[in-house]
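Report on one structure; see the data block that follows.
The values are calculated or read from the model by the stated rules, or taken from the named source; none is laboratory data. Nothing here was measured: the structure is a model prediction, and the numbers come from that model. Neighbour counts run over all protein chains shown; Cβ positions are idealised from the backbone, glycine included. Surface areas here come from the heavy atoms of the whole protein model, side chains and all, with no ligands, DNA or RNA. Shrake-Rupley method; radii C 1.70, N 1.55, O 1.52, S 1.80 Å.
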Amino acid sequence: MVALTTLLFDVDGTLADTERDGHLVAFNDTFAKYGLPWYWSESLYRELLMVAGGQERIRHFITHYRPSVPATTDLDSLIASLYRDKTQRYLEIVRQGQLPLRPGIKRLITAARQAGLRLGIVTTTSYVNVVTLLEQCLSPAAVSWFEVIAAGESVTAKKPAAAVYHYALAKLGATAAECIAIEDSAIGLQAALGAGIKTIITVNEFSRHQDFTGAILVINHLGEPECPFTVLKGEVGDTRWVDVPLLRRIGN
Ligand code: XBP
Ligand code: MG
């Protein structure tokens, strides 16, 4: 039996519900700014979220949904430029404080630090997006609480590839067996499982109907004493929110 030493947090959909009120708004505002007749509805975005990474998602949209694209446009530079502007728009939204942390995130991170657990971030989004969200929502010092921030730029193959989790483990000098990942999506789960890491899923509006086979626990959120979680899959006894004792118990 290997003792739990490390918690690895996904970002989008896990730390905060960033997709609908953050990334999706930023994508659509950017399309409008460029005069493109593209609009991603929430139901379309649910499908597009199966492709991780903003640039990859835009490219997938162009290839599979065949929207009108200016005839003279070099696709690679259009995508790169859209992504740059979309990131600026997203950062504005984060800085305006419009994306609160999900239930239990602040409490669990605080408790994990007090218990001496190591913390890491493993995400598909960019480093600047992570840092801005952590500083805005958690604490101006929060970046220093995480020993590794494995982000979109850290690896070539994004989730569901396991590369970003392998990258985080290597940076930490940790084994998969001593970690638990907290994710919100099937592609995040596949990435963590691909690296051999036990994974808890906190579902959200975009991911709740996905396949979470292989997760050690599936819940609606991490829970708070005044707002307990609902267990969708897994066994937690009498526990009503994710705390360090529960993690130690189910992590073995
Ligand atoms: C979620 C993603 C990202 C975001 C958009 O990442 O797949 O692509 O939707 O951010 P995770 P970017 O759940 O791994 O945190 O546009 O910066 O990619
Ligand atoms: Mg996610």
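If you go through the stretch 139-154 and keep only what is in a loop (DSSP other than H, G, I, E, B), away from ligand 2 (no atom under 15 Å from the Cβ), open to solvent by less than 30 Å² (accessible area, probe 1.4 Å) and of a type in the set (Gly, Ala, Ser), you end up with just 139.
Please find, within the stretch 169-190, the residue that is farthest from ligand 1 (Cβ to nearest atom) out of those that are under 19 Å from residue 242 (Cα atoms) and β-branched (Val, Ile, Thr). Once the filter is applied, the top-ranked residue is 180. The number of residues in the stretch 227-252 that are free of Cβ contacts under 8 Å to residues at least 60 places away in the same chain and in a loop (DSSP other than H, G, I, E, B) comes to 9. Could you please let me know if residue 136 is open to solvent by 50 Å² or more (accessible area, probe 1.4 Å), within 14 Å of ligand 2 (Cβ to nearest atom), part of a helix (DSSP H, G or I) and closer than 25 Å to residue 55 by Cβ? Spelling it out, it is not the case that residue 136 is open to solvent by 50 Å² or more (accessible area, probe 1.4 Å), within 14 Å of ligand 2 (Cβ to nearest atom), part of a helix (DSSP H, G or I) and closer than 25 Å to residue 55 by Cβ.
The single condition among (1) touching a residue at least 60 places away in the same chain (Cβ under 8 Å); (2) open to solvent by less than 20 Å² (accessible area, probe 1.4 Å) that residue 224 does not satisfy is (2). Here the stretch 137-168 is the region considered, the condition is being within 11 Å of ligand 1 (Cβ to nearest atom) and charged (D, E, K, R), and the residue that is nearest to residue 206 (Cα to Cα) is 159.
Could you please find all residues in the stretch 1-12 being assigned to a strand (DSSP E or B) and either of a type in the set (Phe, Trp, Tyr) or near ligand 2 (Cβ under 10 Å from one of its atoms) (or both)?
Residues satisfying the conditions are 9, 12.
Look at the stretch 14-25: where a residue is among the charged types (D, E, K, R) and a partner is open to solvent by 10 Å² or more (accessible area, probe 1.4 Å) and more than 13 Å from ligand 2 (Cβ to nearest atom), sitting 6+ places away or on another chain with Cβ atoms under 7 Å, you get 20/42; 21/98. With the condition kept exactly as written, say whether any residue in the stretch 56-66 is within 16 Å of ligand 2 (Cβ to nearest atom) and within 25 Å of the chain's Cα centre (by Cα). Yes.
If the condition is being in a loop (DSSP other than H, G, I, E, B), of a type in the set (S, T, N, Q), under 25 Å from residue 18 (Cα atoms) and open to solvent by 50 Å² or more (accessible area, probe 1.4 Å), then the stretch 155-198 contributes only 156. Of the residues that make up the stretch 32-54, is at least one within 26 Å of residue 156 (Cα to Cα), more than 17 Å from the chain's Cα centre (by Cα) and either touching a residue at least 60 places away in the same chain (Cβ under 8 Å) or within 11 Å of ligand 1 (Cβ to nearest atom) (or both)? Within the stretch 32-54, none of the residues are within 26 Å of residue 156 (Cα to Cα), more than 17 Å from the chain's Cα centre (by Cα) and either touching a residue at least 60 places away in the same chain (Cβ under 8 Å) or within 11 Å of ligand 1 (Cβ to nearest atom) (or both).
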